Amino acid sequence: MAQDNAAFCGVPEGVPGEAKPPPAPPRRRGAGTRKRQRYVEKDGKCNVQHGNVRETYRYLTDIFTTLVDLKWRFSLLVFILAYAVTWLFFGLIWWFIAYCRGDLDHLEDHAWTPCVNNLNGFVSAFLFSIETETTIGYGHRVITDKCPEGIVLLLLQAILGSMVNAFMVGCMFVKISQPNKRAETLVFSSHAVVSLRDDRLCLMFRVGDLRDSHIVEASIRAKLIKSKQTQEGEFIPLDQTDLSVGFETGDDRLFLVSPLIISHEIDERSPFWDVSRHQLEKDDFEIVVILEGMVEATGMTCQARSSYLADEVLWGHRFTPLLSLEEGFYEVDYGGFHHTVPVPTPACSARQLAAAAARRDAHLYWSIPSRLDQPLEEAAVGGGDPDTPQESNGTLASPEAR
């Protein structure tokens with residue numbers, strides 16, 4: 001079937017036993033052609049920056065998410081400042097209470113009952129603030145029962161200190177446990193390929209998981225990012241179109257134990273229906289692939305992304321196998337994860353390939369008589385009624401048999 005399709009499209013198939021040519025390198029556009037700016041980088045980072053955002057107060061309304069999204073150096077700075085500011089603030093209040101009560105003027109008076117024992121200046125007040133908020137309690141500096149304002153301040157600092165601890169420790173925990181780094185071990189092939197699968201042109205790429213702990217409920221999606229102009233003249237610079245990777249059949253839900261090849265069948269619903277090899281080399285688009293699932297160890301949702309530009313789609317290539325059967329187990333050779341080999345593939349579009357297959361089927365139908373109809377045709381010639389057309393298997397007899 002594949003040989004017939006190639007013959008209709010005018011692509012030589014190669015002689016059996018003939019040495020295959022070496023893998024063709026990725027196509028490079030001309031020096032004068034401007035390289036397309038990626039929408040999503042190969043490592044999954046979105047190449048989009050938000051500018052002229054005037055309603056910056058919205059970030060403060062969700063301060064927790066804002067702190068989690070900060071870079072590590074800024075998160076650590078906020079973490080340190082949050083504790084240092086509260087310690088200094090309450091230390092200043094403790095010193096102010098001691099100053100107003102006159103405790104600092106009666107340091108050598110043993111008959112005087114201060115608000116806080118052994119508080120003789122701002123440094124000692126700052127240390128007492130740290131001991132109170134962190135509940136260290138060395139026992140050298142301690143509040144007395146003759147200072148009601150100190151007791152109220154102690155309760156207030158204990159409550160606010162617990163809130164600061166919960167907020168900052170929660171931010172750091174969420175930031176540390178983010179599943180972003182889990183996506184580093186989810187890999188995509190460096191190139192996508194276009195070749196025949198079951199006599200149909202398919203766009204394919206490969207995904208794999210390097211860890212032994214698996215991604216639960218893994219699913220895959222693909223988007224075509226391409227400029228578009230509507231019939232009304234509206235220009236859409238980054239129009240997104242879904243590429244079917246098995247949503248109707250459930251093939252988009254993956255059991256990602258070993259590397260899998262994800263296939264998009266180029267049919268009449270595909271945006272590549274009219275794209276041939278020559279047109280693909282001149283086209284300008286980006287394919288964004290998104291792999292989602294839950295991390296088995298933590299139960300958190302993880303997402304890995306990558307993209308393919310037009311010059312990273314190899315026409316007439318196929319991925320090399322990676323899985324081999326060893327003694328008692330299967331082994332995956334990730335050394336060839338990105339490797340492809342050239343295979344005979346029609347250079348025409350999927351529409352032209354389907355039309356060629358339809359013409360071939362029609363030619364075979366009208367040129368090759370059915371053997372089941374031959375006995376009835378002979379009976380019609382020998383003694384049948386020439387005016388009555390004979391019928392067999394729902395097929396009318398040919399005029400020569402009448």
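The values are calculated or read from the model by the stated rules, or taken from the named source; none is laboratory data. Bear in mind the structure is a predicted one, so any value in this text is a computation, not a measurement. Counting neighbours? That spans all protein chains shown, and the Cβs are built from the backbone with ideal geometry, glycine included. Protein only, heavy atoms only, side chains kept; ligands, DNA and RNA dropped before computing areas. Shrake-Rupley method; radii C 1.70, N 1.55, O 1.52, S 1.80 Å.
Between residue 247 and residue 61, full extension at 0.36 nm per residue minus the direct alpha carbon distance yields a gain of 63.2 nm. Along each principal axis, taking the top coordinate minus the bottom one, the Cα set of the range 265-336 gives 46, 34, 23 Å in descending order. In terms of its C-alpha gyration tensor, the range 86-140 comes out oblate, because a/c is 1.5 or above while a/b does not outweigh b/c. For the range 88-141, relative contact order (Cα pairs under 8 Å, six or more residues apart, normalised by length) works out to 42 percent. Across the range 79-90, coupling constants 3J(HN,Hα) worked out from phi with the 6.51/-1.76/1.60 Karplus curve, θ = phi - 60°, read 4, 5, 5, 4, 6, 5, 5, 5, 4, 5, 5, 6 Hz, and Gly and Pro carry x. For the modelled label position 7 Å from the Cα of residue 360 along Cα-to-Cβ, which residues of the range 196-240 have backbone nitrogen atoms closer than 19 Å? Zone members listed by number: 196-203. Can you find, among 255, 229, 243, the residue sitting farthest towards the positive end of the charge dipole of the range 222-261, where Lys and Arg contribute +1 and Asp and Glu -1 at Cβ? Comparing the listed Cα positions along the dipole, 255 ranks first.
Residues whose amide H comes within less than 5 Å of that of residue 197, counting only those at least five positions distant or on another chain, are 202 (H built at 1.01 Å from N in the peptide plane). With a threshold of 32 Å on the Cα-Cα distance, the over-threshold entries among 175/228; 181/226; 42/282 are 175/228. Converting phi to 3J(HN,Hα) with the Karplus coefficients 6.51, -1.76 and 1.60 and the offset θ = phi - 60°, the range 239-248 yields 6, 10, 10, 5, 10, 5, 10, x, 5, 5 Hz in sequence order, with x at every glycine or proline. Got a sec? Which residues in the range 80-97 would a label at residue 163 touch, if it sits 7 Å along Cα→Cβ and we count backbone N under 14 Å? Under 14 Å, as judged by backbone N against the label point of residue 163, lie 86 of the range 80-97.
Computed packing ranks the peptides 49-59, 342-352 as 342-352, 49-59, most packed first, by mean other Cβ atoms within 10 Å.
With 0.36 nm allotted per residue and the present C-alpha distance subtracted, the residue 152-residue 174 stretch has 4.6 nm of extension available. Highest mean packing first, where packing is the average number of other Cβ atoms within 10 Å per residue, the peptides 208-217, 233-242 line up as 208-217, 233-242. The length gained on full extension between residue 111 and residue 290, counted as 0.36 nm times the residue separation minus their Cα-Cα distance, comes to 57.0 nm. Between rounded, prolate and oblate, where does the range 133-172 land on the alpha carbon gyration tensor, with a ≥ b ≥ c its root eigenvalues, rounded for a/c under 1.5, else prolate if a/b exceeds b/c? It is oblate, given that a/c is not under 1.5 and a/b is not larger than b/c. Under 5 Å between amide hydrogens, built in the peptide plane, is the criterion, and for residue 263 it picks out nothing among residues at least 5 positions away or on other chains. Each residue of the range 302-317 is assigned a 3J(HN,Hα), and the resulting list reads 10, 9, 10, 10, 7, 8, 9, 7, 4, 7, 9, 9, 9, 7, x, 10 Hz, derived from the Karplus form 6.51 cos²θ - 1.76 cosθ + 1.60 (θ = phi - 60°), x at Gly and Pro. The modelled label-to-label distance for the pair residue 240/residue 140, using points 7 Å beyond Cα in the direction of Cβ, is 6.1 nm. Modelled spin labels at residue 46 and residue 325, positioned 7 Å past Cα toward Cβ, are 4.5 nm from each other. Over all other residues within a Cβ to Cβ distance under 14 Å of residue 240, the charged ones net out to +2, with Lys and Arg as +1 and Asp and Glu as -1. To the nearest 10, the accessible area of residue 282 is 140 Å² with a 1.4 Å probe. In the context of the full protein assembly, residue 325 retains an accessible surface of approximately 130 Å², using a probe radius of 1.4 Å and ignoring ligands and nucleic acids. In terms of its C-alpha gyration tensor, the range 44-143 comes out prolate, because a/c is 1.5 or above and the ratio a/b outweighs b/c.
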